1. At 1.4 Å probe size, with every protein chain present, just tell me what the per residue accessible area of segment 236-374 comes to in Å².
2. Using the Cα gyration tensor of segment 182-303, with a ≥ b ≥ c the square roots of its eigenvalues, what is the shape: rounded (a/c below 1.5), prolate (a/b larger than b/c) or oblate (neither)?
3. Which lysines have a Cα less than 23 Å from the Cα of Lys36, not counting those fewer than 8 places away in the same chain?
4. Put +1 on the Cβ of every Lys and Arg and -1 on every Asp and Glu Cβ in the chain; which of His194, Ala67, Pro163 then has its Cα farthest towards the positive end of the dipole?
5. What are the DSSP H helices in the chain that stretch 30 Å or more along their long axis, judged by alpha-carbon atoms, and whose average Kyte-Doolittle hydropathy comes to at least 0.0?
6. For the chain, what does the helix formula give at 222 nm: sum of -39500 (n - 2.57) over DSSP H segments with n ≥ 4, over the residue count, nearest 500 deg cm²/dmol?
7. Mind ranking Tyr302, Tyr346 by accessible surface for me, highest first, 1.4 Å probe?
8. Lys/Arg Cβ at +1, Asp/Glu Cβ at -1, dipole of the chain taken about the Cα centre: which of Pro245, Asn292, Ala215 is farthest positive-ward?
Amino acid sequence: MNDCIVVLNCGSSSIKFALFDANSHPLPRAPMWSGKVEGIGTEHPTAAEAGAPTQALELDSAQPYHAALLHIRRRVEHRLDGRRLMAVAHRVVHGGSKYFAPVRVSADVLSDLRSYIPLAPLHQPFALEAIEALLSDLPDVPQVACFDTAFHRTLPQVETMLPLPYTAWERGLRRYGFHGLSYEYMSIALPERHGAIALGRTIVAHLGSGASLCAMHGLKSVATTMGFSALDGLMMGTRCGALDPGAVLYMMETEHLSPAQVGHVLYHESGLLGVSGLSSDPRELIAREADNPRAQAALALYVRRIVREIGALVAVLGGLDCLVFTAGIGEHNAAVRERVVSALGYLGAHLDDEANQAHASIISSSASRIRVAVEPTNEEWVAARHAVQCNPCS
């Protein structure tokens with residue numbers, strides 16, 4: 001049987017998808033085909049597939065997310081061309097304190113995962129909406145949930161506890177960590193490219209619209225910047241990152257904000273967008289910083305928060321051997337990388353400017369005491385790999 005696996009990565013207004021050949025061993029890291037639907041719920045949704053231009057898409061305005069899923073399903077069926085769909089793997093941001101390994105989703109599992117929606121409101125409900133729809137439409141095809149929190153199961157207890165009353169810990173209020181599929185890929189790819197150095201004290205900077213850092217030792221997570229929710233840690237595109245809770249209480253009291261309203265501010269109106277008032281994209285802010293003080297301030301704060309959190313993780317690791325940049329900004333924005341690394345000179349970090357501009361795999365100079373690297377992430381392949389290995393799908 002010629003089997004394929006589809007991977008879905010669902011956000012609030014976009015769905016990325018990739019199709020993998022499950023009969024090749026090992027599983028190829030490049031998908032057979034991939035694409036994305038963006039602007040779901042807006043006036044101008046678009047669809048794009050690998051090797052093809054972006055096209056306008058007509059979606060049912062009453063149920064735009066279901067319509068986008070139906071569009072993807074039809075495109076997948078066309079691409080399968082008679083091959084069997086072995087499983088659908090879903091990136092699910094939160095597995096809570098119960099799920100630390102991929103799982104085939106049943107009604108009971110789906111019910112559990114719904115209880116974690118408040119912990120990841122930008123992603124969890126949409127992944128579950130896709131799973132629920134496909135459980136109904138394709139009941140014989142396994143739906144496999146792959147959790148972004150799972151890679152951080154190796155965190156020591158001291159890194160997972162919150163300084164709240166102990167009853168909060170007993171209720172499950174703890175630091176979970178996120179971007180685990182990306183960090184899991186790094187744990188596979190980095191030793192292949194960098195050998196033994198990757199086994200030492202490594203910090204991976206996953207810098208995208210969402211952003212976090214992960215300190216690894218022996219390729220396992222020992223500390224990370226995101227905690228109980230995906231709001232913690234670094235300043236992000238529209239999310240605030242770590243914030244004095246007193247500031248939140250003050251906003252709620254003085255501006256009479258409801259929990260839903262303050263949540264909207266923290267998730268959608270903060271970060272680079274909130275400080276600059278212009279954009280959540282560092283590229284746009286870099287282009288404007290010379291004549292716009294708020295763009296300049298937003299970039300300075302963004303870089304400062306990354307540098308500060310790297311320093312904290314270096315302290316936890318007891319030093320640093322390797323710093324790795326990944327995800328959209330980390331892989332493609334040489335200016336952000338340069339500003340971060342230039343502030344780490346006290347660690348002996350030095351860039352090779354030409355290599356950095358070329359987005360080379362190693363961007364540190366020969367004089368650098370630590371290796372600085374760029375490694376493209378591959379969350380979709382990790383999810384597809386889990387679907388192959390998941391026992392119910394074998």
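1. Details: 6770 Å² over 139 residues.
Roughly 49 Å² per residue, with all protein chains present.
2. On the way: a/c = 3.12, a/b = 1.60, b/c = 1.95.
Because a/c hits 1.5 or more and a/b fails to exceed b/c, segment 182-303 counts as oblate.
3. Lys16
4. Most positive-ward Cα: His194.
5. Details: long enough: 293-317 (36 Å, 0.94).
Span-like helices in the chain: 293-317.
6. Working: 15 runs with 152 residues, N = 394.
-11500 deg cm²/dmol, from helical runs alone.
7. Values: Tyr302 5, Tyr346 135 Å².
Sorted descending by solvent-accessible area, the residues read Tyr346, Tyr302.
8. So the residue we want is Ala215.
The values are calculated or read from the model by the stated rules, or taken from the named source; none is laboratory data. The model shown is predicted, which means the values in this text are computed figures rather than measured ones. All Cβ positions, even for glycine, are placed from backbone atoms using ideal geometry, and neighbour counts span all protein chains on display. Only protein heavy atoms, including side chains, enter the accessible area calculation; ligands, DNA and RNA are left aside. Shrake-Rupley method; radii C 1.70, N 1.55, O 1.52, S 1.80 Å.
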